[in-house]
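Take a look at the structure below.
The values are calculated or read from the model by the stated rules, or taken from the named source; none is laboratory data. Since the model is a prediction, treat every value here as computed from it, not as a measurement. For neighbour counting, all protein chains shown are included, and Cβ atoms are generated from backbone atoms with ideal geometry for every residue, glycine included. We work out accessible area using only protein heavy atoms, side chains counted, and drop any ligands, DNA or RNA first. Shrake-Rupley method; radii C 1.70, N 1.55, O 1.52, S 1.80 Å.
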Amino acid sequence: MTAFILRRSSQSIIVLFIMSLLVFSGVNLVGDPVEMLINPEADQAEVERVIKELGLDKPITEQYWYFLMNAFKGDLGTSFIFGEPALKLIVQRMPATIELALFSLFISLIFAIPLGIYAGLKPESKISKTIMAGSILGFSMPTFWVGILFIMFFAVYLGWLPSTGRGEIGSFLGVKSSLFTLDGLSHIFLPALNLALFKLSSVIRLTRAGTREIIHQDYIKFARAKGVAESRVINVHLLKNILIPIVTIIGLEFGSLIAFSTVTETVFAWPGMGKLIIDSIYNLDRPVIVAYLMIIVIFFVFLNLLVDILYTLLDPRVRIQGSN
Amino acid sequence: METILEIKNLKTHFFTKAGLIKAVDDISFKIKKGEIVGLVGESGSGKSITGFSIIGLIDAPGRIVSGSINFKNEPLLNASSNRMQSLRGNRLAMIFQDPMMTLNPVLRIDTQMIETIKAHDKNISNQEAFRRCRDTLGLVGISSPEERMKAYPHQFSGGMRQRVCIAIAMLNKPDLIIADEPTTALDVTIQGQVIYEMQELCKKTGTALLWITHDLAVVAGIASKICVMYAGRIVEQGSVDDIINKPMHPYTIGLIKSVPSQNKRGEPLHQIEGMVPSMLELPIGCAFHDRCTETIENCKIEKPIETNQSDSRVIRCFNFKDIRK
């Protein structure tokens, strides 16, 4: 197992390196941050001073080299806008995004798995057909639009829940999160539901497909032939088998929840990483963009590793190469 | 001896989109306590459906249409699903054909065994259940059962897995085990061992066995009674001696002739002419008439009914008497 983790980590360094090359050159091809940063009425001397200050006068290869050297020291550059280390800016906003992603994952799982199993067990029933039709709707409605509808309905029309921002932050076992206060929960509910909708639909469909396949397997029939109660057949024999594909998808989707929560965060003014990256792209704040993308890559690599390890726990037939 | 299972005029039909399939169509037979009965037939003749009808696990679109199944004088067809669940795996057990597919791949052997005991005895302690499972595993010939209990199915070979399944079926010392081609997926050497072990176990515990197979040779070795099925009906049943040595029904005769060892060396193997008919379009009259060597006019018009030749001998054919001559 250790050998496996080490090998995967070294592979991910190569991935990171390639990614940094792509991102760095990509970001440097578009736009001119200097134009965005300084007063349009500034004179040429002023412009040149800023260019020099930001290190933009040097050839791009040299800039990349500096970036790489600093990255090894844990410094991903300083934001043009905030004048603070890009990494610090991102890390500050990370908890908000992670708690949003976790909570929306939680919402989608507690609904999607039971609904998907039901739809898989009784594919012909009206309720199942409604569930499946609903999941197509959840799939196809644009997130930002649903978000705005949520705000309209729950915040403006009914006035039940707040529409923007992160609520009061509580602390539990040293972990600070808005999930631990009632005010925080009321703030997180709408954006999390908005973000969960898409996952909900895909997990429902995946669970249903898995259920339909597994339920006809001989070992389910054999479990029934043993006189095992139907609840145990579903909750143990069936569930443990369908969890295998679900864990894979959830692992990957969790990465995308974090990476692409930008839309939801923008709609609900949620102070997370997603909002930061959108603002940074508007302002061509190159160091922040690059740092953000690097962190997302690390996230994906880490989640993939986690999924692989979870896999071996769920399915005894899967063994990680290099371990016994 | 006491009758364990009595099936009368059982009909299990499948209402598919393509049409009605009479998978089991009017069959009757009895199994006595401790008796081994062979149910023989080609693929698709309704043998397995008979087995699943008995334990009440017919999947949609199938349904038991009429008839009766009495298990220890209890009518099973009216039994509640709770009652059936408490009988399954407890008094009535089943072994499936493919041992590679029968055990849940993600659960350990001990989990899958212990739940069989716990499903029927809520008060038993985990240790006691574990001990019983381990001992039964040893009984079916698995070495170091204590360690093997902690293994997963994929760590066993096919033969070993089938032994585990047999052990699971034996766990609660049932009155009847339905064995659905339990040795078909196994090597010949393993086949012999498994058959021998099952025979011994049944003798020891007084468990009756319904052995479903397409292999006459296997069943001739262990059963005391044979039912031959063709296209959803039992065409002939009787004691092993009668069926093997004095078959009456043209189909049974054809089957016995088809066993390769019945052939002289170098001669082409015997085969029954024609194909098994599609269950969706069974011929009018006797389902076997267009493959039969003894067809008379009546066979093409009417379905033959069962006639008793003696206490144990039942046959479904218009023209069998002439065959015997």
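Among the candidates B:69, B:55, which residue alone is farther than 24 Å from residue B:243 by Cα, more than 14 Å from chain A (Cβ to nearest Cβ) and open to solvent by less than 40 Å² (accessible area, probe 1.4 Å)?
Numbers: B:55 fails: more than 14 Å from chain A (Cβ to nearest Cβ).
Criteria check complete, one pass: B:69.
For the stretch A:283-311, enumerate the residues that are more than 25 Å from residue A:70 (Cα to Cα) and open to solvent by 20 Å² or more (accessible area, probe 1.4 Å). Outline the logic, then answer.
Taking the stretch A:283-311 as the starting set, the residues that turn out to be more than 25 Å from residue A:70 (Cα to Cα) are A:303-311.
If the condition is that a residue be more than 25 Å from residue A:70 (Cα to Cα) and open to solvent by 20 Å² or more (accessible area, probe 1.4 Å), then A:304, A:305, A:306, A:308, A:309, A:310, A:311 are the ones that fit.
Answer with yes or no whether residue A:164 is outside any helix (DSSP H, G or I), among the hydroxyl-bearing types (Ser, Thr, Tyr) and more than 13 Å from chain B (Cβ to nearest Cβ). Walk me through how you get there before you give the answer.
Values: outside any helix (DSSP H, G or I): yes; among the hydroxyl-bearing types (Ser, Thr, Tyr): yes; more than 13 Å from chain B (Cβ to nearest Cβ): yes.
Taking the combined requirement at face value, the residue satisfies it.
Report, by residue number, each residue of the stretch B:276-325 that is assigned to a loop (DSSP other than H, G, I, E, B), farther than 21 Å from residue B:41 by Cα and of a type in the set (Asp, Glu).
Of everything in the stretch B:276-325, those that are assigned to a loop (DSSP other than H, G, I, E, B), farther than 21 Å from residue B:41 by Cα and of a type in the set (Asp, Glu) turn out to be B:302, B:311.
I need the full set of residues from the stretch B:95-120 which are touching a Lys or Arg at 6+ places or on another chain (Cβ under 8 Å), more than 15 Å from residue B:152 (Cβ to Cβ) and either touching a residue at least 60 places away in the same chain (Cβ under 8 Å) or more than 9 Å from chain A (Cβ to nearest Cβ) (or both), in order please.
Matches in the stretch B:95-120: B:96, B:117.
Would a scan of the stretch B:41-49 turn up a residue that is within 21 Å of residue B:1 (Cβ to Cβ), open to solvent by less than 10 Å² (accessible area, probe 1.4 Å) and under 18 Å from the mean Cα position of the chain (by Cα)?
Filtering the stretch B:41-49 for residues within 21 Å of residue B:1 (Cβ to Cβ) gives none.
Scanning the stretch B:41-49 turns up no residue that is within 21 Å of residue B:1 (Cβ to Cβ), open to solvent by less than 10 Å² (accessible area, probe 1.4 Å) and under 18 Å from the mean Cα position of the chain (by Cα).
Please specify each residue of the stretch B:209-223 satisfying the condition of being in a helix (DSSP H, G or I), aliphatic (A, V, I, L, M) and more than 12 Å from residue B:182 (Cα to Cα). Quick ask: steps written out before the conclusion?
As a first pass, look at the stretch B:209-223 and keep what is in a helix (DSSP H, G or I): B:216-222.
Imposing the further condition that a residue be aliphatic (A, V, I, L, M) reduces the set to B:216-220, B:222.
B:216, B:217, B:220, B:222, listed by residue number.
Could you list, in sequence order, all residues of the stretch A:176-228 that are among the β-branched types (Val, Ile, Thr), within 14 Å of another protein chain (Cβ to nearest Cβ) and open to solvent by less than 10 Å² (accessible area, probe 1.4 Å)? First the steps, then the outcome.
Residues of the stretch A:176-228 that are among the β-branched types (Val, Ile, Thr), as a first pass: A:181, A:188, A:203-204, A:207, A:211, A:214-215, A:220, A:228.
Keeping just the survivors that are within 14 Å of another protein chain (Cβ to nearest Cβ) gives A:214-215, A:220, A:228.
The answer is A:220, A:228.
Out of all the residues in the stretch B:33-46, is one or more more than 9 Å from chain A (Cβ to nearest Cβ), within 19 Å of residue B:172 (Cα to Cα), in contact with a Gly (Cβ under 7 Å, 6 or more places away or on another chain) and in contact (Cβ under 8 Å) with a residue 40 or more places away in the chain? Before you say what the answer is, go through the steps one by one.
Within the stretch B:33-46, the subset more than 9 Å from chain A (Cβ to nearest Cβ) is B:33-46.
Adding the requirement that they be within 19 Å of residue B:172 (Cα to Cα) leaves B:33-36.
After this cut, where a residue has to be in contact with a Gly (Cβ under 7 Å, 6 or more places away or on another chain) as well, the list is B:33-34.
Next, only the ones that are in contact (Cβ under 8 Å) with a residue 40 or more places away in the chain stay: B:33-34.
Looking through the stretch B:33-46, at least one residue is more than 9 Å from chain A (Cβ to nearest Cβ), within 19 Å of residue B:172 (Cα to Cα), in contact with a Gly (Cβ under 7 Å, 6 or more places away or on another chain) and in contact (Cβ under 8 Å) with a residue 40 or more places away in the chain.
Among the numbered criteria (1) modelled with pLDDT under 90; (2) hydroxyl-bearing (Ser, Thr, Tyr); (3) within 21 Å of the chain's Cα centre (by Cα), which one does residue B:102 miss?
So residue B:102 meets the others, but not (1).
Could you grab me the full set of residues in the stretch B:127-174 that are open to solvent by 30 Å² or more (accessible area, probe 1.4 Å) and in a loop (DSSP other than H, G, I, E, B)?
Residues satisfying the conditions are B:141, B:143, B:144, B:150, B:152, B:157, B:173.
If the requirement is being open to solvent by less than 70 Å² (accessible area, probe 1.4 Å), farther than 15 Å from residue B:234 by Cα and at pLDDT 80 or above, which of these qualifies: B:283, B:304?
Details: B:304 fails: farther than 15 Å from residue B:234 by Cα.
Testing whether each residue is open to solvent by less than 70 Å² (accessible area, probe 1.4 Å), farther than 15 Å from residue B:234 by Cα and at pLDDT 80 or above leaves just B:283.
Check the stretch B:183-196 and report whether any residue there is open to solvent by less than 10 Å² (accessible area, probe 1.4 Å), at pLDDT below 85 and outside any helix (DSSP H, G or I). Full working, then the answer.
Taking the stretch B:183-196 first, the residues open to solvent by less than 10 Å² (accessible area, probe 1.4 Å) are B:183, B:194.
Now narrow it down to the ones that are at pLDDT below 85: B:183, B:194.
Within this subset, residues satisfying the condition of being outside any helix (DSSP H, G or I) are B:183.
The answer is yes; a qualifying residue exists.
Please note which helices (runs of 4 or more DSSP H) are completely contained in the stretch A:68-157 and include at least 3 residues that are surrounded by 21 or more Cβ atoms within 10 Å (Cβ to Cβ). Walk me through how you get there before you give the answer.
Values: elements: A:86-121, A:126-140, A:143-150.
Because the criterion is at least 3 residues that are surrounded by 21 or more Cβ atoms within 10 Å (Cβ to Cβ), the helices (runs of 4 or more DSSP H) in the stretch A:68-157 that meet it are A:86-121.
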